[in-house]
Structure formats: structure tokens, C-alpha cells
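One structure is given here, and the rest of the page talks about it.
Just so it is clear, none of the values below were taken in a lab; they were calculated from the coordinates. All of these numbers come straight from a predicted model, not from anything done at the bench. Note that we place each Cβ from the backbone using ideal geometry, even for glycine, and neighbour counts take in every protein chain shown.
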Amino acid sequence: MKKQDVIIINDEIIPKGKCYIMINDLKNDEENQVFKNVLDKEYKSDSIMYFLSCKDITFDHEQAAINLKDYRLNYYTDMIQLEKKLVKTDSAFITKELDDESCNTFKHEHNKSFFHVPCSATYTVDSLREKMIDENIGVGLIYNKETHIGTYEINYSNEVAEIEGLSIHVKHQDKGYGKQALEAIEVLLISEGYEKVLLTVASLNEKAYDLYLKSGYQVDTKRSRWYKVNRKSRLVKE
């Protein structure tokens, strides 16, 4: 097995109680043993485990679970990449880039909104300040006049910009603000010269998925499939 075929992300064990393991598949004894060794080690930290098949989303996870013996894999969600050709639009909402004063607001809202999204990062004020000076990243707040209603994050590192995060503050949800917030980001991207945009959504987030489809986004590809991994011999805290 190539070293890069297994990626372990354990930065989220302390803030989320979760460890993320990314692996291409589990089709031979060597891959199964590597994955099992990782699970045995990381489970000692009482972390909730997630397994990702990052390339082969059609693999037989039931057979994989049999091979792993001590663990059970339960399907969690697909991460689906959507795309949209941008057209001129208007929005009652506006975007404002993050500054030192708004870092804490962004941090609390983002971390709460994306807690259950696979492999999403928990931000600190320091990590946000690093993003603020990264020319390939755009982070900020979304406003309805003077009222802050949400957050956004955009990745500019590729030819096509990608919306990596959009959240609506809990007190402003179920008011139809998601569509207007999305349009505000699109207005920003159009002003920057972009003609197309990508975003990735978890299939379990049915409300957001439905919003994006109704807003003209189309399915481009399934990027990954995620499974919860539980040890059969004990109950894992949710």
C-alpha cells in the first residue's frame, strides 16, 4: 500500500471528539490491516471514528466490515460537488471580508454550523487570521443591511472558485435567507470576474442540498462517501 493511500486527520479529536481517516478502498488484506491498526490506535482516545472511501464510493462496505471483524461501518453521507454557471443577479444581502473584530463571531458560528460535516475544520481566531492574509482564501460575514445573518468561505486557489462554506445564524434560519445569502456570494464572485462556481454539500444536509438545486446548481460529481465506524464491543458516544 502506498503511504498516501491512508490519510489520518486527528486535529479534530479534541474540539469534536472525531478522527477522520481517508483511504481509497479496502480490497486486500494489507489495506484492511493498515486501517484496523489505525482504528485500534485512535480508538484509545475515545474519538468517534469516520471512514472515507475517497475514490471508490461503490466498494462493498459490508464485506469490508466483515474483514475488519471488530468494527462496524454505517453509511453516513456522500459529499457531492455541484456547479453553476454564474449569471448577473442582485441580492438584498451584502458580503463583508473578515477583520479582527469579526473573527470571534465567524469562529463561533462556523464551528457550530459545520460540526457534523465530515472533515470540516474547527477554526481558532489565529487560524482565521492566517486565512485573512491568504490570497487564495476569502472569508467573511453576510449582512442584511446592518444585521449579520451568516458566514461564507471561498477557495480561489483553482481556476474555478469554490464556495467552501455558507452558514446562516440559527436565529435567522427558516426565513428564506439562505437563497439571498447564496446570491450575495455569487454577486461577489461575478464582480471578481468569475463565470462559474463550485460548491460541495453533504447529502444528509437535505435542506441545503435542495436550496442549491433550486438555485440553479447541478450535480458535477460525488467526491467521497463517508461511513461512521463503531467498535462492535462497546457503545460509542454520539
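Here are some notes:
- Computed from phi, the 3J(HN,Hα) profile of the stretch 102-110 under the Karplus parametrisation 6.51, -1.76, 1.60 (θ = phi - 60°) reads 9, 4, 5, 4, 4, 4, 5, 6, 4 Hz, with x in place of Gly and Pro.
- Summing Lys and Arg as +1 and Asp and Glu as -1 over all other residues whose Cβ lies under 10 Å from the Cβ of ASP220 gives a net charge of +2.
- Rounded tilt (10° steps) of 29-42 against the dominant C-alpha axis of the chain: 70
- Amide H contacts of GLU164 (H built 1.01 Å from N, under 5 Å, at least 5 apart or other chain): GLU153, ILE154, ASN155
- Listed values (i) 22; (ii) 36; (iii) 14 include one computed from this model; for percent of Cα pairs over 34 Å apart that value carries the label (i).
- Taking the convex hull of Cα positions in the stretch 44-179, its mean projected area over all directions (nm²): 11.7
- With K and R counted +1 and D and E -1, the other residues having a Cβ less than 10 Å from that of LEU73 yield a net charge of +1.
- Expected-Rg normalisation [2.2 N^0.38 Å, Cα atoms] applied to the stretch 107-198: 1.07
- In Hz, Karplus ³J(HN,Hα) per residue of the stretch 176-191 (6.51, -1.76, 1.60; θ = phi - 60°; x = Gly, Pro): x, 6, x, 5, 5, 5, 4, 5, 5, 5, 5, 4, 4, 5, 4, 5
- Mean Cβ count within 10 Å, highest first, over the residues of peptides 221-228, 92-99: 221-228, 92-99
- Estimated from helical segments only, the mean residue ellipticity of the chain at 222 nm is -8500 deg cm²/dmol, where each DSSP H run of four or more residues counts as -39500 (n - 2.57).
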